[in-house]
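Read the structure below first, then the notes.
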Amino acid sequence: MFVNAFGKLGQWRSKGKLERPSIRRSKLLSRFPSWPALTISGLFDLIASEFPERPAVLTSDSSITYREAQSMSRRWASGLIGLGLKAGEHVAIVMANYPEFPIMKLAIARAGCVSVPINYLLQYDEMRYVLEQSKSKTLIGMSQHRGRDYTSDFDRLRSSLPDLEHIFVLHQNGSESAEFRSISDLACVATAASDAELLKREARTSASSVSDIVYTSGTTGRPKGAMLTHDNILRAAFSSALTRSFEDGRRILFALPMYHVFGYVECWVAALFVGGSIIPQTIFDPTEMLGIAQKLDATDIVCVPMMTQALIEQARMRRFHSETLLSVFNSGGVNLPSVWADIRDVLGAKEIHTAYGMTETTASVMCTWTEDDAEILLNSNGRYKFAGPAGDGAIGGLIAQYRVAEPETGQELPFGCDGELQVRGPVVTQGYFEKPEETDAAFTADGWFRSGDIGRLSEGGHLKLTGRLKETYRCGGEMVMPREIEDLLINYPGIAQVFAVGVPDPKMGEVGCLCIVPIDGAMPIVDDIIAHCAARLARFKIPKYGVLLKPMDVPLTATGRPQKFKLTELAIERLSQLS
């Protein structure tokens, strides 16, 4: 059984009862002495049987207990079966961090179906591609969010995708739509027969079954759906809870979207292992988040650097103080060197973590340990995570093992040398959904996944990310695929060539910059080109800058291919001249 180290949650500081990280880890390990071959819903039911009245999902004005979430997810799962969904069929979700999101994910898992979480910032054409490529039969969405009417998009999707058989919508703020059934109607579809089938599916679905297809930006072409199993997700989540030494009943506050593995695996699923709660935010508002942290006794805040910096600035202005905030997990972008001291001094967190991972590794696979000092936070992206029973004996009891390879030859490099980071282990995706060529290209002949990132490993197991082979960049925590932007502009009037690169930005980490080679005699207007992108791309993909280049300015390889890393350097130089 779990033992609450705090007595009453949230009083560890005033009573001085915080246990050492090693003791907290020991308690979690004693709870799971061997690895359970469970599905995600199976783990949830295990925890719900012990802590039925604990809150699973909290908002500023409501609480859903483990018992309530279990009951709701079972009714929705039975409803999905009642609709005629077969085991293994795909259910897409287009939803912000509303409490219904994690419960719907549980329902899909119970029904033996596969979740396809979709970035709700995508525009219609982008969303349509993911729905079609994933072969989703059912769509669970929200009616509106931040002024956008999603039902109009859903109506167009329904007309253009004949395989999309069902659409259910979460109606917020009393909004209703006669065009689409409400999520609550799913429970009405359930029957005694679907209830009986649900029991069979829960028993038949295995830990090795695919649970999620998560779309990730690739280096070329369209997004690819990384297939993740229940076991991938649970091993990654458990190792995070263990490495970050979760206390019993941890309360995790975050605005990271749960369509990403960062928000879903590192927050929701990881919290389950200690009977914890999540406090998901539908939008990021630093003032609101700090107030909720105090009101709901959050013990952990998980964020990307852009969010962390905004929280620090707001906390400094309002002289923020929380008796319960223990930990901040800040990862997923470029940090100012001062951020780690500010997290401790301004936000008041005693324990700070950063990490490295990607969708294809299910979540983080390298993470700083709770005991690590500021020097490690400043100079690494983490080290091998504690794994306990989730580890694989074939790779030294780890959930993932890295090697560094020379990018051109594939030769393994020694410690301290920069090269491509390659990874293997039980949290690595089995491949991309219906993308055999991309899957083959992503793995070496001996089965290691090519991350496309450049970094080095120390003998002590620390990883330092130093660059990218791949061309993607990260804007405000979201991965951007330059090829998608370039394809959009390939026929734009007056443009001979265009290259999208990421350049540093103090707020967003990186933002897009267009390197434009005009047709002879043409003078394309950069602002017009950016406006063209804004009308067709998700907000985080819209380039912020553009520079005009001559053909001879474009750096090329010996085989005539543009060198993106040199283009990035050139763009930074040109932008500095303009400022």
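All of the numbers you see were taken from the coordinates with simple rules; none came from a lab. All values derive from a computational prediction rather than experimental measurement. Positions of Cβ are generated from backbone atoms using ideal geometry, with glycine treated the same way; all protein chains shown enter the neighbour counts.
In table form, for the structure just shown:
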quantity	calculated
Exposure proxy ranking, count of Cβ atoms within 10 Å, fewest first, for LYS17, LYS564	LYS17, LYS564
The stretch 37-205, relative contact order in percent, only Cα pairs under 8 angstrom and at least six apart counted	25
Approximate shape of the chain as ellipsoid semi-axes (Cα gyration tensor, √5λ), whole Å, largest first	36, 30, 24
Computed over the chain: relative contact order in percent, which uses C-alpha pairs under 8 Å that are six or more apart	12
For the stretch 392-542, the fraction of alpha-carbon pairs in successive 10 Å shells from zero, as %	10, 29, 29, 21, 9, 2, 0
Linear extension gain, ARG204 paired with ALA441, 0.36 nm per residue minus alpha-carbon span	82.0 nm
Debye, to nearest 20: dipole size of the chain, +1 on Lys, Arg Cβ, -1 on Asp, Glu Cβ	1180
Residue-span extension gain [ASP149 to GLU288] - 0.36 nm each, minus C-alpha spacing	47.6 nm
Cβ charges +1 (Lys, Arg) and -1 (Asp, Glu), total dipole of the stretch 37-205, debye	360
Convex hull (Cα only) mean projected area of the stretch 473-578, reported in nm² to one decimal	6.7
Compactness of the stretch 253-346 as Cα Rg over 2.2 N^0.38 Å, two decimals	1.01
Long-range HN-HN contacts of SER182 with modeled amide H, under 5 Å	VAL169
Convex hull volume per residue for the stretch 31-77, taking Cα atoms only, in Å³	86
Tail beyond 18 Å, pair distance distribution of the stretch 127-193 (Cα, percent)	38
Of ASN491, LEU514, VAL480, farthest towards positive along the dipole that unit charges on Lys, Arg, Asp, Glu beta carbons give the stretch 473-578	VAL480
Where N is the number of residues in the stretch 37-205, Cα Rg divided by 2.2 N^0.38 Å	1.01
Cross-link pairs beyond the 25 Å C-alpha cut-off, checked among LYS435/LYS541; LYS135/LYS385; LYS105/LYS224; LYS17/LYS464	LYS135/LYS385; LYS17/LYS464
Gain in span if fully extended, PHE415 to GLU179, counting 0.36 nm per residue against the direct Cα distance	79.0 nm
Virtual spin-label span in nm between ASP553 and ILE519, 7 Å along Cα→Cβ	2.0
Whole-angstrom Cα spans of the stretch 182-241 along principal axes, big to small	47, 29, 21
